[in-house]
Amino acid sequence: MKKVKYIIDQKESEFNKKQLFENVTKTFGNKASVQGGYIEVEKNDENKIVEFLTHSGLKYKKAA
């Protein structure tokens, strides 16, 4: 299954990023991979993660 990666802006606070990553892990379980400053999910979960990221208020971008 193809995966998509979203990078959280490095200027965001570590606390906010940590909270986001914890929430993503709780919500998506092993469907999401959280490493460093990015989140990776399967292509079919892309809409859900975009909605989640947008709601978080943190700046992010899709990795090339």
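Being open to solvent by 60 Å² or more (accessible area, probe 1.4 Å) and of a type in the set (Gly, Ala, Ser) is true of residue 64. Residue pairs whose Cβ atoms lie under 6 Å apart, sitting 6 or more positions apart in sequence or on different chains, and linking a residue in segment 34-51 that is open to solvent by 30 Å² or more (accessible area, probe 1.4 Å) to a partner that is among the small types (Gly, Ala, Ser), are 40/33. Would you please name the residue that is most open to solvent (accessible area, probe 1.4 Å), looking only at residues in segment 1-33 that are in contact (Cβ under 8 Å) with a residue 24 or more places away in the chain and among the basic types (Lys, Arg)? The residue in question is 11. Within the option set 40, 14, being within 10 Å of the chain's Cα centre (by Cα) and not small (Gly, Ala, Ser) holds for one residue only, 40. Scanning segment 1-52 for residues that are of a type in the set (Val, Ile, Thr) and touching a helix residue (DSSP H, G or I) at 6+ places or on another chain (Cβ under 6 Å), we see that the one that is farthest from residue 63 (Cα to Cα) is 34.
The values are calculated or read from the model by the stated rules, or taken from the named source; none is laboratory data. Keep in mind it's a predicted model, so treat the numbers as computed, not measured. Cβ atoms come from the backbone with ideal geometry, glycine included; neighbour counts cover every protein chain shown. Accessible surface is based on the protein model in full, side chains and every heavy atom, while ligands, DNA and RNA are left aside. Shrake-Rupley method; radii C 1.70, N 1.55, O 1.52, S 1.80 Å.
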